[in-house]
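One structure below.
The values are calculated or read from the model by the stated rules, or taken from the named source; none is laboratory data. Nothing here was measured: the structure is a model prediction, and the numbers come from that model. Cβ coordinates were reconstructed from backbone atoms using ideal geometry, including for glycine residues, and neighbour counts include every protein chain displayed. Heads up: the accessible areas ignore ligands, DNA and RNA and are worked out on the full protein's heavy atoms, side chains in. Shrake-Rupley method; radii C 1.70, N 1.55, O 1.52, S 1.80 Å.
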Amino acid sequence: MKIAPNAVVRFHYTLRKPGGESVESTRDDGEPTTYLHGANGLLDGLEQALEGREAGDSFSITLPPEQAFGQRQADVTRRVSAKYLKHEGKLTPGKVVRLNTEDGPITAVVLKVGKFSVDLDLNHPLAGQEVQFDVEVVEVRAATQEELDHGHAHGPGGHHH
């Protein structure tokens, strides 16, 4: 089965910065990423590159910032209460953190740590950079009606209710 809208896809990837430095890889924990194709669950450029592929396919793709984590935006900062980041452990400038917002979790970088508040750069740490994905498609299957109704994949590597 080829990857097309309403297919559930499981794939391994390694994300690399310019120059080849590995940022993260699903192979580190052995569990592939699972998503519902066409439901906006991936970076646009990566989802487009997966279209038409099938289980067993491997490829590498380099994405410009516009198709990956976007361009850096000047002055996109926020001051938040330190209590919202206590799950991140010791905070220091430059540390990458996950912040839960009304729109879902976001990745941010600590700029300054005060006694009660933390200043964050809300640009993704890879914003403005070209990135490379090394991808191996593990499985492609038709989505269940429940997955289509919910707008995401269920099961291993997907969403669990």
Exercise. Going through the stretch 45-80 one residue at a time, which ones are open to solvent by 90 Å² or more (accessible area, probe 1.4 Å), in contact (Cβ under 8 Å) with a residue 24 or more places away in the chain and of a type in the set (S, T, N, Q)?
Worked result: Gln71, Gln73
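Conditions tested, residue by residue: (1) exposed (fewer than 13 other Cβ atoms within 10 Å of the Cβ); (2) part of a strand (DSSP E or B).
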| position | (1), (2) |
| --- | --- |
| Val110 | no, yes |
| Leu120 | no, yes |
| Asn123 | no, no |
| Ala127 | no, no |
| Asp134 | no, yes |
| Val137 | no, yes |
| Glu146 | yes, no |
| His152 | no, no |
For this session: Kindly provide the set of residues from the stretch 81-92 that are part of a loop (DSSP other than H, G, I, E, B) and loosely packed, with under 12 Cβ neighbours inside 10 Å, ordered by number.
Result: Gly89, Lys90, Thr92
Exercise. If you take the residues of the stretch 8-30 that are touching a residue at least 12 places away in the same chain (Cβ under 8 Å) and over 15 Å from Val135 (Cβ atoms), which of them is surrounded by the most Cβ atoms within 10 Å (Cβ to Cβ)?
Worked result: Val8
Exercise. Based on what the data block shows, is Ala4 under 15 Å from the mean Cα position of the chain (by Cα), surrounded by 12 or more Cβ atoms within 10 Å (Cβ to Cβ) and in a loop (DSSP other than H, G, I, E, B)?
Worked result: no
Problem set entry | Only one of Gly94, Gly104, Gly114 that is at positive phi and at pLDDT 90 or above | Gly94
